[in-house]
Amino acid sequence: MKEKNNLRFAFHVLLIVLLSVNLLFGFVANAAEEHQLKNPDGTWKWTNKLVHETSPYLLLHAHNPVDWYSWGPEAFERAKAEDKPIFLSIGYSTCYWCHVMKRKVFSNPDIAAQMNELFINIKVDREERPDLDEIYMTATQIMTQSGGWPNSVFLTPDLLPFYAGTYFPPEDGFGRPGFPRVLRSLHDAWMNEREDVVARAEKITEAIRQMTGGNRISLGNVSLDRKPITSAKKYLKSRYNAAYGGFGGAPQFPSPSNLEFLFGEYQREPDESILKMISHTLDMMAYGGIYDQIGGGFHRYSTDAKWLVPHFEKMLYDNAQLAKVYLRAYQLTKNPLYKRIPEEIFAFVFREMTSAEGGFYSALDAETDAEEGKYYVWTKEEIRKVLGRRKSKLFMTVYGVDKGPNFEGKNIPYLPTSIASVAAKEKNKSEAEILSELEPLKAKLLATREKRERPLLDTKVIINWNGLMIDALAYGYEVLGETRYRDAAQKAAEFILKEMKRSDGQLMHTYRDGVVKYDGYLDDYTFFIRGLLGLYRATGEERWLDEAKTLTETMIEIFWDDKQGGFYFTLEGQEHLLVRTKKPYDSAIPSGNAVAANNLVTLAHFTGEKDYLDKAQKTLQSFADLMAQSSGGFMHMLLGLNRYLSTDWTEVVETRKPQSVNLFSPPKTLGDGQISPPSGDELVKSIASISSKEVISAKPFDVEVQLEIAKGWHINANPASQEMLIPTTVMVSHDAPVEILSVDYPQGKLVNFDFSDESIAVYEGAIKIKMKLKLKPGVSGKTAFPLNLELRYQACNDKQCLLPSTKTVQLN
């Protein structure tokens, strides 16, 4: 009876720990515990096998007294040879509680000795191995009805999970068992209740296979309709936080997929209540402490409902997605806030998260000196010392410092009210003037902050997250006309194609210090293809479309499920995986299947190739039942469904067959005496002029660009009605002697075309685009002119579209 109770006790331990974990916040790590890992001369006392890894997270554990292994045959063979269970610890470099467990548990020589004696210990970076993370997080959720990181899972030597938890403290206390007691209990259960342990592990493994292997996916010819889209819209409206924006209470996550879905619905059928949900959410996030008001970029999430106190880690994928969301909002509303935020995000990424080769790093940690947020918070005295008493007053008023500390006796800068409201209280000052005064103050504080000890930078280059940033930068170029965004996107794409694409055409998942590792997952293909399609849309360069098509063919070949449709997450035949998963749900990033569906819809629209359309349809059908049951987890796939249902594909495929004039094929002679269509330059005439007769000086000046479009032709309005359409854009090069302050595009005329159920906004005849420009510092009006503007557009008629064109418009 006593032996039977051991296993029950072990499982009960987890419940107690989970109920108590919130009480552990405020637990302060002691740096002295790190010193016990070193000899008096500063050398390490212990070095384990992780020292040979490239992952920054694994390298953090390379000098634990724990005899860590990476995931692989060496550890598995030893577990079987010594008949020991496996302790699997999964985390990532910016995980706060992963660091706490490292310091308090894995750096403790006594606990490590117990781990080494009783278990084979494996450490995994979840960002390197998202396949393992999904499988064993599912196990933890099955056993505990919750999850988190570090994910602590105990396995049989055959890799079957039988017990799991998250953070375990080093000692018993306050009614909670410490990790040593958990280790002893599980060892006793393994030695004395083996049959029960293995039986439980087998049941849990079967449940994992049922939940993640795609067995619940729809079969047959399932009809597709708008019902799940309508359900998702109702769900978001019911979850919307009218006070602070977002979709729920504390903690608040940005959830860009929700906002993208709402944008799609708004553009399909304008509804001011939807636009209000989007704009209020974007405003409150931009005002809050979740946004780094000094250095730019968003933190991972807010611990409160007000977006004030963040969990301070910064992730590449959050900032890529949010930059694009704000850019879309700027296109629709022309609110300058929605232009400033992505500009600051990109500046942050270029400054802190871009490698010399052009790839983008994955994340910045939340803590320094074992203290979360220390790098980002300020006292009043620190601000006054940097800015001086007079200038600090404006900063402290705008960013809420004058209202008192808001984080452990210090201040997270935030906007208690909009800058426009501050400007309204200042006599004879505009919002732009207040922002101009704040810029040098923020620059001084940033320079001072950069002298502090920096948070850990995870310098892994991960393809799928890079794909998101490439897409965002390409969109930034498309919307704002900044060539440096295009150049950075192209450099990153070229880096991936050169360094992370194998000779057989398949992708690798990570790159660090010249080493590429792990076969690419579905997400690597879909997100990178999304970035390539974004580059093609923004630049019109055929090479990006060709690369996207090539990688799509490879993706279909190695991940497509011929029986049930949709895509698997991993390659077939991967060793040491319990199941070949098929991830359908969005998480912090959209699911790979959702991005694949959207990419295939875009490719079908661009090329008219029916195979892309068929694969898109089957992917959507394969998840139709799940979308109907749980629409809240499928926002990005529902965006793809919306796009699929909004297009008359018969018309698209018929008019864009390869033997006819392809949507993006160069104009050519059609045979039988037919004349090749004219070039885009012939169809759109342009002239630019300065509105004012005054001498150009340092003050902003107005420019008017007049276009005359040939009869029977049109160009897309800005913003474009659909994501696959090329908007008309006026821009200047990055090295031009002026900067663009604003561009006011006219409202497009809504026209119905056979290929789309939705009306498309276009420009016809004569239109005027108004711009506000400003000379860059040190430039005079005499040297700035003549100035070349760049006009980008795509000319179409009722039957065909020409290649996107970029023409120079001279401004004298």
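Farthest toward the positive end of the dipole of the chain, out of Val515, Ser692, Gly748, is the Cα of Ser692, where the dipole comes from beta carbon charges about the Cα centre.
In whole angstrom, how long is each semi-axis of the equivalent ellipsoid of the stretch 56-192, when you take the square root of 5 times every eigenvalue of its Cα gyration tensor and sort them from largest down? Each step should come with its number before you reach the end.
Values: eigenvalues 68, 66, 53 Å².
Equivalent-ellipsoid dimensions as semi-axes: 18, 18, 16 Å.
Sorting the segments 468-479, 284-295 by their mean number of nearby beta carbons within 10 angstrom, highest to lowest, gives 468-479, 284-295. Ranked by the mean number of other Cβ atoms within 10 Å per residue, highest first, peptides 176-182, 222-228 order as 176-182, 222-228. For the stretch 101-149, the direction-averaged projected area of the alpha-carbon convex hull comes to 4.2 nm². Rolling a 1.4 Å probe across the protein heavy atoms gives the chain an accessible surface of 40 Å² per residue. Rounded to the nearest angstrom and listed largest first, the equivalent-ellipsoid semi-axes of the chain from its Cα gyration tensor are 48, 34, 23. Compute the acute angle (0 to 90°) between the alpha-carbon long axis of helix 635-645 and the principal axis of greatest extent of the alpha-carbon atoms of the chain; round to the nearest 10°. Approximately 40 degrees, to the nearest 10.
The Stokes-Einstein estimate for the stretch 134-242, based on a Kirkwood radius over Cα pairs and taken at 25 °C with 0.890 mPa s viscosity, is a diffusion coefficient of 143 µm²/s. Atom-type composition of the exposed protein surface of the chain places 50 percent of the accessible area on carbon and sulfur (1.4 angstrom probe). Against the main long axis of the alpha-carbon atoms of the chain, helix 109-118 sits at an angle near 80°.
Which whole-number percent is the relative contact order of the stretch 548-657 (Cα, under 8 Å, 6+ apart)? Let's see the in-between values first.
Numbers: 122 pairs, mean separation 28.3, N = 110.
For the stretch 548-657, the relative contact order is 26 percent.
Comparing Leu308, Phe76, Met277 along the charge dipole axis of the chain, the residue lying farthest to the positive side is Leu308, per the Cβ-charge model.
How large is the charge dipole for the stretch 286-384, taken about the Cα centre, if only the Cβ atoms of Lys, Arg (+1) and Asp, Glu (-1) carry charge, to the nearest 20 debye? Present the calculation step by step, with values, prior to reporting the outcome.
Values: 12 positive and 15 negative charges, 149 e Å.
Here the size comes out at about 720 debye.
Computed over all pairs of different Cα atoms, the Kirkwood value for the hydrodynamic radius of the stretch 262-309 is 11.8 Å. Taking 28 Å as the limit for the C-alpha separation, the pairs Lys517/Lys583; Lys104/Lys517; Lys237/Lys772; Lys102/Lys517 exceed it in the case of Lys104/Lys517; Lys237/Lys772.
May I ask you to work out the translational diffusion coefficient for the stretch 298-432 at 10 °C, viscosity 1.306 mPa s, via Stokes-Einstein with Rh from the Kirkwood sum over Cα pairs, reported in whole µm²/s? Could the numbers behind the result be given before it?
Details: Rh = 16.8 Å.
Rounded to a whole number, D works out at 94 µm²/s.
Using mean Cβ contacts within 10 Å as the protection proxy, how do 585-598, 737-750, 145-158 order, highest first? Write down the numbers at each step before the final one.
Numbers: 585-598: 25.0, 737-750: 16.4, 145-158: 20.1.
Descending packing order for the listed peptides: 585-598, 145-158, 737-750.
Relative to the longest principal axis of the Cα atoms of the chain, the long axis of helix 227-239 makes an angle of roughly 70 degrees. A P(r) calculated from all alpha carbon pairs of the stretch 515-573, with 10 Å bins opening at zero, reads 23, 45, 27, 6 percent. Reducing the stretch 487-507 and the stretch 226-270 to their Cα centroids gives an inter-centroid distance of 34 Å.
Straight-line reach from Lys380: which lysines have Cα under 28 Å away, leaving out those fewer than 8 places along the same chain? Straight-line reach from Lys380, under 28 Å: Lys306, Lys314, Lys391, Lys393, Lys403, Lys410, Lys425, Lys427, Lys429, Lys442, Lys444, Lys451.
Just how many % of Cα pairs in the stretch 427-542 lie over 16 Å apart, if you round to the nearest whole percent? Walk me through the numbers on the way to the answer.
On the way: 4552 of 6670 pairs.
Result: 68 percent of Cα pairs exceed 16 Å.
Legend: translational diffusion of the stretch 705-797 by Stokes-Einstein, Rh = Kirkwood radius over C-alpha pairs, 4 °C, 1.567 mPa s; D = 88 µm²/s.
The values are calculated or read from the model by the stated rules, or taken from the named source; none is laboratory data. The structure presented is a predicted model; accordingly, all values stated were derived computationally and were not measured. All Cβ positions, even for glycine, are placed from backbone atoms using ideal geometry, and neighbour counts span all protein chains on display. With ligands, DNA and RNA removed, areas are computed over all heavy atoms of the protein, side chains included. Shrake-Rupley method; radii C 1.70, N 1.55, O 1.52, S 1.80 Å.
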